[in-house]
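Participant: One structure, as structure tokens, below. Some questions next.
What follows is calculated from the coordinates using simple rules that are stated; it is not laboratory data. No experiment lies behind these values; they were computed from the predicted model shown. Here the Cβ positions follow ideal geometry from the backbone for every residue, glycine too, while neighbour counts run over all protein chains shown.
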Amino acid sequence: MEGAGLGRGRCCHCHGAGRDVVQAWRCRFLCRFTDRSGTNAQHHLVDERIVGGKPSSLDWAAAAALPLTAITAWEMLFDRLDVRKAVAGAANAIVIIGGAGGVGSIAIQLARQLTDLTVIATASRSETATWARQLGAHHVVDHAKPLAAEVAGLGLGAPALVFSTTNTDAHLAQIAELIAPQGRFGLIDDPKTLDFSLLKRKSLSLHWEFMFTRPMFATADIAAQGALLNEVARLVDAGTLRTTLGESYGVINAANLRRAHALSRAAAPKARSCWKVSVPERDGRSTTLSNRSAEVRQDVWLNNQAPDRMPNVFANAVRPAGEKATVRLSLTRRAQPSA
């Protein structure tokens with residue numbers, strides 16, 4: 001992180017003297033889910049247990065693209081699904097739905113590099129399928145087609161595990177059909193409704209992952225997030241993992257906002273995007289800063305949209321001269337669509 005209010009940090013206590021640290025939070029959630037005041041300030045307090053060392057091999061933008069996706073993928077695989085525990089009679093395989101999205105991109109790498117699972121990713125476009133293979137997926141199937149038939153066609157048997165990152169409600173029936181009896185199924189999106197009765201016949205277990213659970217409730221194992229970020233940094237520096245930063249758009253101005261908005265609407269992007277923001281302070285001075293974990297989705301609205309869900313730091317964001325517009329950034333936790 002860098003810039004006023006979202007500043008680059010050096011902690012001499014938990015991360016070694018002078019070592020740069022990368023924050024595990026984004027602005028909106030830090031403001032909303034803790035008792036600390038908002039980030040429209042020069043400095044901001046962060047619980048040291050949820051920060052980790054920045055990979056020394058990455059620049060700030062590439063490093064900032066990692067915390068949200070890495071925490072979500074890591075916690076799902078190793079804490080929720082317990083992927084190293086076998087399911088009797090099942091194929092030692094995991095299906096990652098939405099494999100080319102931000103979380104899916106990290107999950108593929110973690111599963112391939114840190115386990116002996118056969119990694120089956122889903123994608124429906126040639127470029128996203130290629131991306132998933134480059135990250136380490138053994139097989140890529142098309143989630144625009146019936147998934148059960150796609151997976152069965154691989155000849156591996158019924159997979160023990162399914163990790164759904166997006167459109168779970170649309171895929172649930174196929175997931176229930178393709179997964180092995182007594183398998184484990186995890187999701188991170190927020191479907192309006194889910195028919196859980198589909199899971200009963202096979203005695204499937206359901207696991208939800210929300211990366212803010214530990215900090216929100218100050219769980220006894222909250223420090224696990226800082227520890228896993230340090231491990232992710234080590235794996236990145238060792239060349240085992242790669243950042244999922246797709247593109248850095250530079251400073252936020254009217255031209256770049258329109259460009260990013262057009263790109264996000266033109267196609268479902270893979271990986272993550274990163275911003276460096278120029279925001280005028282209250283006294284009129286201009287300050288350059290980067291969003292807390294650079295997990296800003298490429299959903300940007302102009303045309304007088306109310307800033308009701310913005311983090312405080314963007315409340316007085318740049319309004320291009322001559323335009324009556326409010327910049328609004330959607331800081332949702334969901335993975336990018338990966339169709």
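Participant: Between A152 and A254, with labels modelled 7 Å along Cα→Cβ, what's the label distance in nm to one decimal, could you check?
Facilitator: For A152 paired with A254, the spin-label model returns 5.7 nm.
Participant: Would the stretch 65-220 count as rounded, prolate or oblate if I go by the C-alpha gyration tensor, calling it rounded below 1.5 in a/c and otherwise prolate when a/b exceeds b/c, oblate otherwise?
Facilitator: Taking the square roots of the gyration eigenvalues as a ≥ b ≥ c, the stretch 65-220 is rounded.
Participant: Sticking with this one: Cβ neighbours within 10 Å, averaged per peptide: list 219-225, 206-212 in order, most packed at the top.
Facilitator: Per-residue mean Cβ counts within 10 Å order the peptides as 206-212, 219-225.
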